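Read the structure below first, then the notes.
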Amino acid sequence: MRITRVGQQCPDGVTCPAVFATDEYTMIVQGRRCPDEVLGMLRLGAGEFAVEIPAEVWREAAAQCSTKAT
């Protein structure tokens, strides 16, 4: 699998929420693990995880992907 970063935010230079596009037409999201109270509201299947990223990272990734698609 090949990945390309399409959105990232590194406010402190260490913690870097990011979104990656794959060559398999999927997306990978890197972020903070959601708090237990949020996880309790979700229906996660076996092997699924939930992470949180800033909305701006998602907007940047969406803009990058739509630019590359045209």
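The values are calculated or read from the model by the stated rules, or taken from the named source; none is laboratory data. What you see is a predicted model, and the numbers here were worked out from it, not measured in a lab. So basically every Cβ, Gly included, is an ideal-geometry build from the backbone, and we count neighbours across all protein chains shown. The area values use the complete protein model at the heavy-atom level, side chains included, leaving out ligands, DNA and RNA. Shrake-Rupley method; radii C 1.70, N 1.55, O 1.52, S 1.80 Å.
Note on exposure: 14, 19 ranked by accessible area (1.4 Å probe, complete protein assembly) read 14, 19, with the most exposed listed first. Taking all protein chains together, 60, 24 sort by accessible area into 24, 60, largest first [probe 1.4 Å].
Principal-axis analysis of the Cα atoms of the chain puts helix 55-69 at an angle of about 40° to the longest axis. Surface composition of the stretch 6-70: carbon plus sulfur atoms hold 56% of the accessible area, using a 1.4 angstrom probe and ignoring ligands, DNA and RNA. The Cys residues in the chain with no partner Cys Cβ within less than 4.7 Å of their Cβ are 34, 65. Rolling a 1.4 Å probe across the protein heavy atoms gives the chain an accessible surface of 78 Å² per residue. Here the label points at residue 42 and residue 16, each 7 Å from Cα along the C-beta direction, are separated by 2.3 nm in the simple model. Note on log10 I(q)/I(0) by the Debye sum over Cα atoms at q = 0.11, 0.16, 0.22 Å⁻¹: of the candidates (i) -0.31, -0.64, -1.02; (ii) -0.22, -0.47, -0.86; (iii) -0.36, -0.68, -0.97, the value calculated from this structure sits at (i).
For the chain, the 222 nm mean residue ellipticity estimated from helices alone, with every DSSP H stretch of n ≥ 4 adding -39500 (n - 2.57) and the total spread over all residues, rounds to -8000 deg cm²/dmol.
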